[in-house]
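**Student:** Pasting a structure below so you can have a look.
The values are calculated or read from the model by the stated rules, or taken from the named source; none is laboratory data. No experiment lies behind these values; they were computed from the predicted model shown. Here the Cβ positions follow ideal geometry from the backbone for every residue, glycine too, while neighbour counts run over all protein chains shown.
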Amino acid sequence: MSAAADLSSAARPPDYEVRYQEILSSGAPPMPALLGTLNLLGPGELLVLRIDFEPALLLRVLAGRGFDARTEGVPGKNLSIYFSRRPAAKPRLFSKLDERAGEKHII
């Protein structure tokens, strides 16, 4: 597998999935889960965020921290945002949030 993940959803299934609305509906804050899962993302791995809006500020912040993102779908309905870590990005960017996010699993 190459060091950079192919952000095309047709290429392969994601390694991780975070469902924003389901986390919100459970009463939990979704950001620790998302950032903790991004921390787990290794070279060549892919995370998909299922969300109903485009978090423009979050995408800009994550781009500055070494993540590539591609968006598919319709804002306000069903949006899928695919993330991969750039090869030069440091492996742990959100250590305090990661501790609260828990172990490696699909959320």
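**Student:** Residues in segment 73-81: is at least one hydrophobic (A, V, I, L, M, F, W, C) and either outside any strand (DSSP E or B) or closer than 16 Å to Arg19 by Cβ (or both)?
**Tutor:** Restricting attention to segment 73-81, the residues satisfying the condition of being hydrophobic (A, V, I, L, M, F, W, C) are 74, 79, 81.
Add one more test, that the residue is either outside any strand (DSSP E or B) or closer than 16 Å to Arg19 by Cβ (or both), and what stays is 79, 81.
For segment 73-81, residues hydrophobic (A, V, I, L, M, F, W, C) and either outside any strand (DSSP E or B) or closer than 16 Å to Arg19 by Cβ (or both): present.
**Student:** Another one. What tally of residues in segment 23-42 results from selecting those that are touching a helix residue (DSSP H, G or I) at 6+ places or on another chain (Cβ under 9 Å) and in a helix (DSSP H, G or I)? Don't jump to the end; show me each part of the working.
**Tutor:** Of the residues in segment 23-42, the ones touching a helix residue (DSSP H, G or I) at 6+ places or on another chain (Cβ under 9 Å) are 23-24, 29-40.
Next, from what is left, pick out any that are in a helix (DSSP H, G or I): 23-24, 30-40.
Within segment 23-42, residues that are touching a helix residue (DSSP H, G or I) at 6+ places or on another chain (Cβ under 9 Å) and in a helix (DSSP H, G or I) number 13.
**Student:** Checking Asn39 against (1) closer than 17 Å to Lys77 by Cα; (2) touching a residue at least 24 places away in the same chain (Cβ under 8 Å), which test does it fail?
**Tutor:** Only one criterion in (1) closer than 17 Å to Lys77 by Cα; (2) touching a residue at least 24 places away in the same chain (Cβ under 8 Å) is unmet by Asn39, namely (1).
**Student:** Now for a different question. What about Ala5, is it modelled with pLDDT of 95 or more, surrounded by 11 or more Cβ atoms within 10 Å (Cβ to Cβ) and within 13 Å of the chain's Cα centre (by Cα)? First the steps, then the outcome.
**Tutor:** Values: modelled with pLDDT of 95 or more: no; surrounded by 11 or more Cβ atoms within 10 Å (Cβ to Cβ): yes; within 13 Å of the chain's Cα centre (by Cα): yes.
Here the answer is no, as Ala5 does not meet what is asked.
**Student:** Still on this structure, please answer the following. Among the residues of segment 51-72, write down those that are among the β-branched types (Val, Ile, Thr) and within 17 Å of Glu17 (Cα to Cα).
**Tutor:** Keep residues of segment 51-72 that are among the β-branched types (Val, Ile, Thr), which gives 51, 61, 71.
Of everything in segment 51-72, those that are among the β-branched types (Val, Ile, Thr) and within 17 Å of Glu17 (Cα to Cα) turn out to be Ile51, Thr71.
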